[in-house]
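In what follows, a structure is listed as structure tokens, so that the remarks can point back to it.
We did not get these values from a lab; they are worked out from the coordinates using the rules stated. In this text the structure is predicted, and so the values were computed from the model without any measurement. For neighbour counting, all protein chains shown are included, and Cβ atoms are generated from backbone atoms with ideal geometry for every residue, glycine included.
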Amino acid sequence: MTKLLTIAIPTYNRAQLLDKQLTWLAQAIQGFESECEIIISDNRSSDHTQEIIHKWQLHFMNDVPFQNNRNHSNIGVMRNIAHCINTATGKYLWMIGDDDPIQNRTLGYVINQIKQHQELSLLTLNFSCRYQPTGKIIYDRCFAIEKEEINPDGKAVFQHCLEENHSGIGFLSAQVYRTKIIRNALAHWPKSVNNMEAQVYWVGYCAAHGSVKVTQDVYLESAFGSSYWMKEPKVLLKMQYIDLPTIYAKIEEIGYPSKYCRNLILKHFTHNNWKVFFGALRRWPIIAINTIIPYLILVVTSVWEIFLSPKRIESRSH
């Protein structure tokens with residue numbers, strides 16, 4: 001029988017954090033075992049991750065279907081996440097990071113919501129954000145929600161949330177997807193697995209294909225600063241100047257207004273942290289130049305379409 005919810009944890013070389021997350025899950029899932037399945041996708045870790053997985057597989061085996069996937073090699077973070085999407089059998093899919101603190105009540109809330117509101121294509125959990133190196137809270141609440149409700153206009157919700165906090169809408173652990181729809185999103189743009197910001201596109205796709213709810217209460221915490229890309233300048237360069245602008249252009253293809261998407265690109269340009277580029281230019285000039293050229297072409301194209309397109313020029317002449 002198909003489970004209601006797949007809980008998937010993609011992981012790599014963070015055995016201690018995974019152990020802590022599975023300890024949370026063992027407590028939170030009590031009373032909901034029959035509704036869930038668990039997938040752990042190990043991206044060929046070289047530490048004792050597999051020992052941790054086997055320990056917890058024995059713990060869960062009598063109550064919850066538990067799949068242990070170990071990739072044949074490190075296939076990259078996005079492809080590892082895509083594996084979870086493609087192998088989930090639950091009606092809904094909740095992928096969680098191995099390092100994000102989640103409240104014990106959260107799983108029960110998720111289960112009850114997707115039971116009560118079967119029209120949902122996306123449930124977004126509000127969250128706080130902590131900078132891990134210092135322990136300082138960056139913000140207490142990602143999305144300023146005045147009234148918690150089901151909104152059938154998922155596009156409008158996505159647009160609002162994206163403008164409010166683009167990194168928030170791309171936070172892995174905060175999104176509960178209808179599995180069929182996120183799988184369609186991946187099929188619609190297979191190359192999204194090459195984009196580190198693909199989560200934003202997947203959220204936008206799901207929002208465009210059904211009702212959405214964003215919670216008012218905070219249910220988890222983003223562990224900002226612990227991700228490997230924060231320590232990899234070349235990855236950060238690609239994310240900043242290729243991946244995210246590409247997402248803004250791609251969501252136009254799934255029905256978001258052209259002007260809205262182009263304005264996102266221009267806003268990205270005017271509010272950009274150019275220190276990332278100039279730092280890369282000093283260290284890797286060829287990589288930096290090859291990165292910035294397509295970005296600038298996208299920006300110029302957006303300026304043209306918004307302000308100087310033939311249609312606008314013609315309308316100004318009358």
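Please work out the Cα convex hull volume for the chain and give it in Å³ per residue.
150
Could you pull out the pairs from Lys155/Lys238; Lys20/Lys155; Lys20/Lys147; Lys91/Lys136 whose alpha carbons sit more than 31 Å apart here?
Lys20/Lys155; Lys20/Lys147; Lys91/Lys136
Please give the calculated 222 nm ellipticity per residue for the chain, where each DSSP H segment of at least 4 residues contributes -39500 (n - 2.57) and the sum is spread over every residue; nearest 500 deg cm²/dmol?
Helix contribution divided over all residues of the chain: -14000 deg cm²/dmol.
Could you name the aspartates and glutamates whose alpha carbon sits less than 12 Å from that of Lys191, not counting residues in the same chain fewer than 8 places away?
Partners within reach: Asp243.
Neighbour counts of other C-beta atoms within 10 Å: give me Ser34, Ser121 arranged from fewest to most.
In increasing order of surrounding Cβ atoms, one gets Ser34, Ser121.
By average Cβ neighbour count within 10 Å, what is the ranking of 108-116, 61-69 from highest down?
Ranked from most to least packed, the peptides come out as 108-116, 61-69.
Along the charge dipole of the chain, pointing to its positive end and built from +1/-1 on Cβ of Lys, Arg, Asp and Glu, which listed residue (Phe277, Tyr12, Tyr109) has its Cα farthest out?
Positive-end residue among those listed: Phe277.
Check which residues have an amide H placed less than 5 Å from Tyr92's amide H, if you skip close sequence neighbours.
Leu5, Thr6, Thr179
To the nearest 20 debye, what is the magnitude of the charge dipole of the chain about its Cα centre, counting +1 on the Cβ of each Lys and Arg and -1 on the Cβ of each Asp and Glu?
On the way: 33 positive and 28 negative charges, 199 e Å.
For the chain, the charge dipole is close to 960 debye.
Give me the dipole magnitude in Debye, nearest 20, for the stretch 49-128 about the Cα centre, with unit charges on the beta carbon: positive for Lys and Arg, negative for Asp and Glu.
Around 160 debye, computed over the stretch 49-128.
Put +1 on the Cβ of each Lys and Arg and -1 on the Cβ of each Asp and Glu in the stretch 232-317; which of Thr246, Val303, Ala288 then has its Cα farthest toward the positive end of the dipole?
Of the options given, the answer is Ala288.
In the stretch 1-65, what is the volume of the convex hull around the alpha carbon atoms, normalised per residue and reported in Å³? Don't jump to the answer; show the numbers that get you there.
Numbers: hull volume 4.9 nm³, N = 65.
Expressed per residue, the convex hull around the Cα atoms of the stretch 1-65 is 75 Å³.
Can you list the HN-Hα couplings for the stretch 163-175, worked out from phi with the Karplus curve (6.51, -1.76, 1.60; θ = phi - 60°), rounded to whole Hz and with x for Gly and Pro?
6, 6, 6, 5, 6, x, 6, x, 6, 3, 6, 8, 10
Using a 10 angstrom cutoff on alpha carbons, build the Gaussian network for the chain and name the most mobile of Lys191, Lys213, Lys180.
Greatest mean-square fluctuation among the candidates belongs to Lys191.
Quick one: Cα centre-to-centre distance for the stretch 58-114 and the stretch 127-152, in angstrom?
22
Quick one: P(r) of the stretch 136-227 from all Cα-Cα pairs, 5 Å bins, percents rounded to integers, in order of increasing distance.
For the stretch 136-227, the binned pair fractions read 2, 13, 23, 26, 19, 11, 5, 1 percent.
Dividing the convex hull volume of the alpha carbon atoms of the stretch 232-317 by its residue count, what do you get in Å³ per residue?
Per residue, the Cα convex hull of the stretch 232-317 comes to 96 Å³.
Taking the Cβ of each residue in Ile145, Ile81 as the centre, tally the other Cβ atoms inside 10 Å and list the residues starting with the fewest. Don't skip to the end; give the middle numbers.
Details: Ile145 18, Ile81 21.
The fewest-first ordering by Cβ neighbours comes to Ile145, Ile81.
Could you tell me which residue out of Ile39, Thr89, Ser73 lies farthest along the dipole of the chain toward its positive end? Charges go on the beta carbon: Lys and Arg +1, Asp and Glu -1, centred on the Cα centre.
Of the candidates, Ser73 comes out farthest on the positive side.
Can you put Thr270, Thr215 in order, fewest other beta carbons within 10 Å first?
The order, fewest Cβ neighbours first, is Thr270, Thr215.
What do you get for Rg/Rh of the stretch 16-131 when both radii come from the Cα atoms and Rh is the Kirkwood radius?
0.94
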